[in-house]
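Working notes, structure below.
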Amino acid sequence: MRRLGEKLRALRLRRGLSLRDLAVALGHPPSFNSYLSDVENGRRTPKLGFVLQLAAFFQVSMDQLTRDDQDLDAESGPATGDDDTR
């Protein structure tokens, strides 16, 4: 799970979200951005329930987020609801 923060940052940036925006989108107060920053930088390890919330929000599997041997797919966590790549 060492790469979780790296993966979280990548997914957040694909959506064009700031840490503050992500905090609010997940139903937390804007000040939750400091916790998200700590997770992204490997200073905190999130609890299982929060990882489940992240997986659901970004539409990725738990394995993709938590397993260091699995990378995110290029299509993981769509940036928008539009799919112009067909």
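The values are calculated or read from the model by the stated rules, or taken from the named source; none is laboratory data. All values derive from a computational prediction rather than experimental measurement. Don't worry about glycine lacking a Cβ; one is built from the backbone with ideal geometry, like all the others, and counts go over all protein chains shown.
Numbers at a glance
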quantity: Test result for LEU54, at pLDDT below 95, hydrophobic (A, V, I, L, M, F, W, C), out of contact with any Asp or Glu (no Cβ under 7 Å at 6 or more places or on another chain) and not in a loop (DSSP other than H, G, I, E, B); calculated: no
quantity: Conditions (1) in contact with an Asp or Glu (Cβ under 9 Å, 6 or more places away or on another chain); (2) assigned to a loop (DSSP other than H, G, I, E, B); (3) surrounded by 14 or more Cβ atoms within 10 Å (Cβ to Cβ); number of the one not met by LEU72; calculated: (1)
quantity: Search result, residues across the range 14-42 that are in contact with a helix residue (DSSP H, G or I) (Cβ under 6 Å, 6 or more places away or on another chain) and acidic (Asp, Glu); calculated: GLU40
quantity: Residue count for the range 11-30, restricted to those that are in a helix (DSSP H, G or I) and either at pLDDT 95 or above or among the basic types (Lys, Arg) (or both); calculated: 11
quantity: Yes/no for LEU19 being free of Cβ contacts under 8 Å to residues at least 60 places away in the same chain, touching a Ser or Thr at 6+ places or on another chain (Cβ under 6 Å) and not basic (Lys, Arg); calculated: yes
quantity: Residue selected from the range 27-57 under the condition among the hydrophobic types (A, V, I, L, M, F, W, C) and closer than 17 Å to MET1 by Cα, by the criterion surrounded by the fewest Cβ atoms within 10 Å (Cβ to Cβ); calculated: LEU48
